[in-house]
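The values are calculated or read from the model by the stated rules, or taken from the named source; none is laboratory data. Only a predicted model underlies this, so the values are computations on that prediction, with no experimental measurement involved. As a convention, Cβ positions derive from the backbone with ideal geometry for all residues, glycine included, and neighbour counts pool all protein chains shown.
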Amino acid sequence: MKRDLAMAFSRVTEGAALAGYKWLGRGDKNAADQAAVEVMRILLNKTDIDGEIVIGEGEIDEAPMLYIGEKVGRGGDAVDIAVDPIEGTRMTAMGQNNALAVLAAGETGSFLKAPDMYMEKLVVGPAAAGMIDLEKPLEENLKATAAALNKPLSELVVITLAKPRHDEVIAEMQRMGVRVYAVPDGDVAASILTCMPDSEVDMMYCIGGAPEGVVSAAAIRALGGDMHGRLLPRHEVKGDTEENRKLGEEEIRRCAEMGIETNKVLQLGDMARSDNVIFAGTGITKGDLLEGIHRQGNMATTETLLIRGKCRTIRRIKSTHYLDRKDDGVVEHVL
Ligand code: VTB
């Protein structure tokens with residue numbers, strides 16, 4: 001995968017973020033997502049790749065664009081692409097912090113192909129790499145991470161999602177003296193924070209989406225951190241009702257079809273199989289990881305985090321966009 005592709009991918013997430021921003025705070029998460037998807041697809045199709053979407057908007061019968069298996073690009077290096085045009089559609093619709101447009105790319109076969117289901121995730125930065133084990137109780141992982149970082153539990157910072165399903169685990173960590181930051185949504189940004197040199201976050205733990213898990217894994221691998229994941233069927237996360245059990249059993253069946261198992265620990269290398277990965281993420285709303293978009297008239301600024309795993313270069317790109325000068329097909333979604 002040529003290094004110059006990194007710049008091209010940053011353009012793709014910038015475009016998707018600008019399209020999402022147009023719908024910021026308008027209470028319509030589907031419209032925001034649709035606009036970002038459309039722009040991301042247009043821009044990917046202008047990129048010099050022979051790309052295939054491996055994590056996207058869904059199966060071919062449920063997503064008209066950026067569906068799993070869709071070919072994108074106008075020819076070039078063969079790459080697999082994992083996209084989340086808006087990581088945080090609810091946050092965008094409700095004007096909350098931490099919404100991003102993200103994409104990860106790698107050589108063919110680089111990413112775990114998993115259905116859109118829940119995944120339990122445990123992530124740490126480079127200093128604690130090799131010290132986590134999702135087979136073990138969280139308590140042991142917290143202690144091992146604190147020991148690796150050479151600090152007491154009272155100085156450990158864990159980020160998670162503020163969801164009712166995490167209430168117990170949050171209380172348990174707080175009882176242990178750990179500082180817990182519970183953000184409403186967005187575990188991709190939360191995961192990456194564990195690996196950023198200037199962040200105080202030591203660990204991310206949550207049950208969130210599997211697609212978000214794979215996108216995060218690409219970034220974590222590129223940054224030298226560590227991550228374990230475990231695919232969980234719906235009824236084990238959202239309550240064992242008849243409907244959830246039906247959906248959960250379908251997920252188990254789909255996993256079996258794809259040659260993967262639920263409830264089995266996946267290592268970072270199972271989810272992101274190569275160092276030669278590129279991660280691009282552009283902030284839509286202001287967050288701990290990235291600035292949000294600012295707009296004045298026809299001008300908007302974006303901040304993008306661009307990581308190339310091969311050399312582990314971390315770039316922050318601040319761009320100024322003249323929205324009325326964007327390409328046909330894009331301009332109407334961003335202006
Ligand atoms: C997860 C998480 C995402 O939405 O998909 C979550 O991975 C969905 O949670 O980062 P619910 O079970 O509450 O629907 C995000 O937080 C945002 O897209």
Exercise. Name the residues in the stretch 144-156 that are in a helix (DSSP H, G or I) and over 21 Å from ILE207 (Cβ atoms), would you?
Worked result: ALA146, ALA147, ALA148, LEU153, SER154, GLU155
For this session: Evaluate the stretch 243-261: report whether one residue or more is touching a Ser or Thr at 6+ places or on another chain (Cβ under 7 Å) and assigned to a strand (DSSP E or B).
Result: no
Exercise. On the given criteria, is ASP226 under 24 Å from ALA105 (Cα atoms) and either in contact with a Leu (Cβ under 8 Å, 6 or more places away or on another chain) or not acidic (Asp, Glu) (or both)?
Worked result: yes
Problem set entry | Breaking point among (1) closer than 30 Å to ASP48 by Cα; (2) free of Cβ contacts under 8 Å to residues at least 40 places away in the same chain, for PRO152 | (1)
Seminar exercise, completed: Residue set GLU291, GLU303; condition part of a strand (DSSP E or B), acidic (Asp, Glu) and under 14 Å from TYR21 (Cβ atoms); output residue GLU303
Exercise. Does MET227 fit the bill of being farther than 22 Å from ILE284 by Cβ and at pLDDT below 95?
Worked result: no
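Yes/no per residue for (1) away from the ligand (no atom under 16 Å from the Cβ); (2) within 23 Å of ALA218 (Cα to Cα); (3) of a type in the set (Lys, Arg):
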{"site": "LEU231", "(1), (2), (3)": "no, yes, no"}
{"site": "GLY248", "(1), (2), (3)": "no, no, no"}
{"site": "ARG253", "(1), (2), (3)": "yes, no, yes"}
{"site": "LYS264", "(1), (2), (3)": "yes, yes, yes"}
Exercise. For the stretch 157-219, which fully contained strands (runs of 3 or more DSSP E) count at least 2 residues that are within 13 Å of the ligand (Cβ to nearest atom) and among the β-branched types (Val, Ile, Thr)?
Worked result: 157-161
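Taking only the stretch 64-105 into account, find how many residues are small (Gly, Ala, Ser) and either surrounded by 16 or more Cβ atoms within 10 Å (Cβ to Cβ) or within 12 Å of the ligand (Cβ to nearest atom) (or both). Don't jump to the end; show me each part of the working.
First pass over the stretch 64-105, keeping only residues small (Gly, Ala, Ser): 69, 73, 75-76, 78, 82, 88, 93, 95, 99, 101, 104-105.
Among the residues that remain, those that are also either surrounded by 16 or more Cβ atoms within 10 Å (Cβ to Cβ) or within 12 Å of the ligand (Cβ to nearest atom) (or both) are: 73, 82, 88, 93, 99, 101, 104-105.
Residues meeting the conditions: 8.
May I ask you to say which residue of LYS264, LYS310, LYS238 is among the charged types (D, E, K, R) and crowded, with 16+ Cβ neighbours inside 10 Å? Can you show your working first?
Numbers: LYS264 fails: crowded, with 16+ Cβ neighbours inside 10 Å; LYS310 fails: crowded, with 16+ Cβ neighbours inside 10 Å.
Being among the charged types (D, E, K, R) and crowded, with 16+ Cβ neighbours inside 10 Å holds for just one of LYS264, LYS310, LYS238, which is LYS238.
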Seminar exercise, completed: Screening GLU200, GLU212, GLU172, GLU168 for residues that are among the charged types (D, E, K, R) and crowded, with 22+ Cβ neighbours inside 10 Å leaves only GLU212
Exercise. Got at least one residue in the stretch 111-123 being buried (at least 17 other Cβ atoms within 10 Å of the Cβ), assigned to a helix (DSSP H, G or I) and either at pLDDT below 95 or of a type outside the set (Asp, Glu) (or both)?
Worked result: no
